[in-house]
Each structure stands twice: as C-alpha cells, then as structure tokens.
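Colleague: Attaching a single structure in structure tokens format; questions to follow.
The values are calculated or read from the model by the stated rules, or taken from the named source; none is laboratory data. Computed from a predicted structure; not experimentally measured. Positions of Cβ are backbone-derived with ideal geometry, glycine not excepted, and every protein chain shown enters the neighbour counts.
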Amino acid sequence: MSDVKELVLETRHLGISFGGLKAVQDFNIQIYEGELIGLIGPNGAGKTTVFNMLTGVYLPTEGSVILKGEVLNGKKPHQVVASGVARTFQNIRLFKKMTVIDNVKAAMTKDTSYNMIDALFRTPKFWKTERELTKKALDLLSIFKLENKADQLASNLPYGQQRKLEIARALATDMKLLLLDEPAAGMNPTETAELLECINAIRKRFGISILLIEHDMALVMNVCERILVIDYGMTIASGLPDEIAKDPKVIAAYLGE
C-alpha cells in the first residue's frame, strides 16, 4: 500500500494588490492530507489576507487556489465552504443569541435533507433528520467538552469555550481543510493547553488538513509539522519548526533575539 498522501490544497503564485499596494505576492503552499501547517509572521504581514483569499472573501489579483484539483478563484465564501474549506476568525463570529447546539447545527447544511414543507408541517422526515443532526452536533461538542452546555446561549459561554465552539461549528461543515485564525488569542495558559489537546484530537479523529495562524509560538512549535513565515506579504522562510526557530531571517523579522 502506498504511503503517499493526497494533495489537499495548493496555491500557485498567489497574490493580491489593493490599489498600488501588494499586500501578498507570490505565495505558494502545498498542504497534504492530515497535515498541520503553521503560517506565522509579524502583525500586518498578510496572514489573514491569505486566509481571505483562500476562502473567497478576497478575489486574488494573481495566481490560483486549488483544492483537490478544483480551482477556487472566483467562488463566493459559501461556495468555498461547500467545496470543503472552513475557517475560524480572529474575532469570534458566533450566533450569540442562539444556543450552543444550534450554532453547530446551523453549519450542517450538507446533512439537512428535509425541505420547507417538511419543516413547516413537522413531517416524520423532519424529525428523523433533526434527531440525526442533534446526535452529530452533540458528538462534535463532546470533543471540546461542551455537550453539557448544548442548550445554553452561545453568549453565556466563557471566552475560551466560545473559541472552541467556533471550531466545532467549522467541523460541522465536513470540510477537507480547516483554517484556524489565531485560535489561542485571548486564552490563558490553561485554555491554550486544552486547545492544543483538542487540535490533536481533531487531527487524530478526522484526519483533516489544518492551516494555522497563531502568535503563541509554544503552541505553533508543539503542534505544527511545517511552518511558513511571511513578512510584508512575501514568504521569507519555510521548513520544520526547529529550522524556523533558528532561521536568521525569521529571528530578525519576527521571533527576536
């Protein structure tokens, strides 16, 4: 049996300009099945801009984004999600006035087989599908130890648990690639350690590919297999965590002495 992993995401000379400013240029990455890759760099380096191009928020002005052979350029964000890319954000974007479980179920559009008539008249098909969605949502919440808070409003969760709920909701889309934008931002050391456990559990259970933006270098160095470093929109280094930690260009631009 071959050990060659399938290529999930590839970007080729990806870039975007805003007016005369090149925010990102010649960004190339390959992410294989089950890999966890870190994307790091100073504030304003272009990391979130890369995420926005990968997810259809921004239309690249050059280059291409390819997910398992499908070109994503020009697709709207909801189409990108349907293709298999999900993300979280620097600023938490939950449905604060909905329950925890309903936040997760809202992302399960691929699993919702009933139509408006079924929903209106509460047909057997509606109830059967709702039971299945609830079971799947609780299963996802259990990964983050949130199943006992399923009926609480999302706004009532502590900050760290809201972060975890956002990841659980992303997982509910049945993605091929998960983009995590600073998931540990605002977390205390205990919450960050729990997040690290959750990320490892996700990879082991689902075998999905993950691209991670994070400023917590302990988290990055512990969880990432490879790391790309960008500065002023350009890739300045790529390699294993130990290599990145010792790279003079990375130290000068980001890690410090």
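Colleague: Tell me which of these K105 doesn't satisfy, since it passes every other one: (1) closer than 27 Å to L219 by Cβ; (2) touching a helix residue (DSSP H, G or I) at 6+ places or on another chain (Cβ under 6 Å); (3) touching a residue at least 60 places away in the same chain (Cβ under 8 Å).
Modeller: Result: K105 fails condition (1) only.
Colleague: For a quick check of your reading of the model, give me the residue pairs whose first member lies in region 171-184 and is more than 11 Å from E214 (Cα to Cα), whose second is of a type in the set (A, V, I, L, M) and at pLDDT below 90, with beta-carbon atoms closer than 8 Å and at least 6 apart or on different chains.
Modeller: L171/I202; A172/M108; T173/M108; L178/I202
Colleague: Tell me whether region 51-68 contains one or more residues that are over 13 Å from the mean Cα position of the chain (by Cα), under 28 Å from A245 (Cβ atoms), at pLDDT 95 or above and of a type outside the set (A, V, I, L, M, F, W, C).
Modeller: No, the conditions are met nowhere in region 51-68.
Colleague: Continuing with this model, one more query. Would you please name the residue that is surrounded by the most Cβ atoms within 10 Å (Cβ to Cβ), looking only at residues in region 5-32 that are at pLDDT below 95 and closer than 18 Å to L177 by Cα?
Modeller: K5
Colleague: In the set I199, I210, which member is closer than 17 Å to I40 by Cα and in contact with a strand residue (DSSP E or B) (Cβ under 9 Å, 6 or more places away or on another chain)? Reasoning before the result, please.
Modeller: On the way: I199 fails: closer than 17 Å to I40 by Cα.
Answer to the check: I210.
Colleague: Only residues that are hydrophobic (A, V, I, L, M, F, W, C) and part of a helix (DSSP H, G or I): list them for region 181-200, please.
Modeller: Residues of region 181-200 that are hydrophobic (A, V, I, L, M, F, W, C), as a first pass: 184-185, 187, 193, 195-196, 198-199.
Result: A193, L195, L196, C198, I199.
Colleague: Of all residues in region 89-114 being hydroxyl-bearing (S, T, Y) and not in a strand (DSSP E or B), which is nearest to G160 (Cα to Cα)? Quick ask: steps written out before the conclusion?
Modeller: Step one: filter region 89-114 for residues hydroxyl-bearing (S, T, Y), giving 99, 109, 112-114.
Restricting the remaining residues to those that are not in a strand (DSSP E or B) gives 109, 112-114.
Working: T109: 26, T112: 29, S113: 33, Y114: 34 Å.
Among residues in region 89-114 that are hydroxyl-bearing (S, T, Y) and not in a strand (DSSP E or B), the one nearest to G160 (Cα to Cα) is T109.
Colleague: If only one of K204, K128, K176, K145 is closer than 27 Å to V24 by Cβ and at pLDDT below 95, which one is it? Working first, answer last.
Modeller: Numbers: K204 fails: closer than 27 Å to V24 by Cβ; K128 fails: closer than 27 Å to V24 by Cβ; K145 fails: closer than 27 Å to V24 by Cβ.
Criteria check complete, one pass: K176.
Colleague: Can you give me the number of residues within region 33-79 that are β-branched (V, I, T), touching a helix residue (DSSP H, G or I) at 6+ places or on another chain (Cβ under 7 Å) and under 19 Å from E182 (Cα atoms)?
Modeller: So in region 33-79, the residues β-branched (V, I, T) come out as 37, 40, 48-50, 55, 57, 61, 65-66, 71.
If we keep only those that are touching a helix residue (DSSP H, G or I) at 6+ places or on another chain (Cβ under 7 Å) too, we end up with 40, 55, 57, 65.
From the residues that got through so far, the ones that are under 19 Å from E182 (Cα atoms) too are 40, 55, 57.
Residues in region 33-79 being β-branched (V, I, T), touching a helix residue (DSSP H, G or I) at 6+ places or on another chain (Cβ under 7 Å) and under 19 Å from E182 (Cα atoms): 3 in total.
Listed here are the residues, each with its yes/no results for (1) in contact with a Phe, Trp or Tyr (Cβ under 8 Å, 6 or more places away or on another chain); (2) assigned to a strand (DSSP E or B); (3) not polar (S, T, N, Q).
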residue: V8; (1), (2), (3): yes, yes, yes
residue: R12; (1), (2), (3): no, yes, yes
residue: A45; (1), (2), (3): yes, no, yes
residue: G56; (1), (2), (3): no, no, yes
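Colleague: Okay, moving on. Of all residues in region 201-241, which are touching a residue at least 24 places away in the same chain (Cβ under 8 Å), of a type outside the set (F, W, Y), assigned to a loop (DSSP other than H, G, I, E, B) and surrounded by fewer than 16 Cβ atoms within 10 Å (Cβ to Cβ)?
Modeller: Of everything in region 201-241, those that are touching a residue at least 24 places away in the same chain (Cβ under 8 Å), of a type outside the set (F, W, Y), assigned to a loop (DSSP other than H, G, I, E, B) and surrounded by fewer than 16 Cβ atoms within 10 Å (Cβ to Cβ) turn out to be G207, H215, E225.
Colleague: Something else now. One residue is enough: does region 145-152 have a residue meeting the conditions more than 23 Å from Q90 (Cβ to Cβ), assigned to a helix (DSSP H, G or I), charged (D, E, K, R) and out of contact with any helix residue (DSSP H, G or I) (no Cβ under 8 Å at 6 or more places or on another chain)? If you could, list the steps in order and put the result at the bottom.
Modeller: Initial filter on region 145-152 (more than 23 Å from Q90 (Cβ to Cβ)): 145, 147-152.
Still in the list and also assigned to a helix (DSSP H, G or I): 147-149.
Within this subset, residues satisfying the condition of being charged (D, E, K, R) are 147, 149.
Of the ones still in play, those that are also out of contact with any helix residue (DSSP H, G or I) (no Cβ under 8 Å at 6 or more places or on another chain) are none.
No; the residues of region 145-152 include none that is more than 23 Å from Q90 (Cβ to Cβ), assigned to a helix (DSSP H, G or I), charged (D, E, K, R) and out of contact with any helix residue (DSSP H, G or I) (no Cβ under 8 Å at 6 or more places or on another chain).
Colleague: Given the criterion closer than 24 Å to Q152 by Cβ and surrounded by fewer than 18 Cβ atoms within 10 Å (Cβ to Cβ), identify the matching residue among T123, T129, T134, T88.
Modeller: Details: T123 fails: closer than 24 Å to Q152 by Cβ; T129 fails: surrounded by fewer than 18 Cβ atoms within 10 Å (Cβ to Cβ); T88 fails: surrounded by fewer than 18 Cβ atoms within 10 Å (Cβ to Cβ).
One residue alone meets the criteria, T134.
Colleague: Could I ask something else about it? List, please: which pairs have Cβ atoms under 7 Å, are six or more places apart or on different chains, and start with a residue in region 145-170 that is within 21 Å of I199 (Cβ to Cβ) and end with one that is assigned to a helix (DSSP H, G or I) and among the acidic types (D, E)?
Modeller: From residues that are within 21 Å of I199 (Cβ to Cβ), the pairs are G160/E191.
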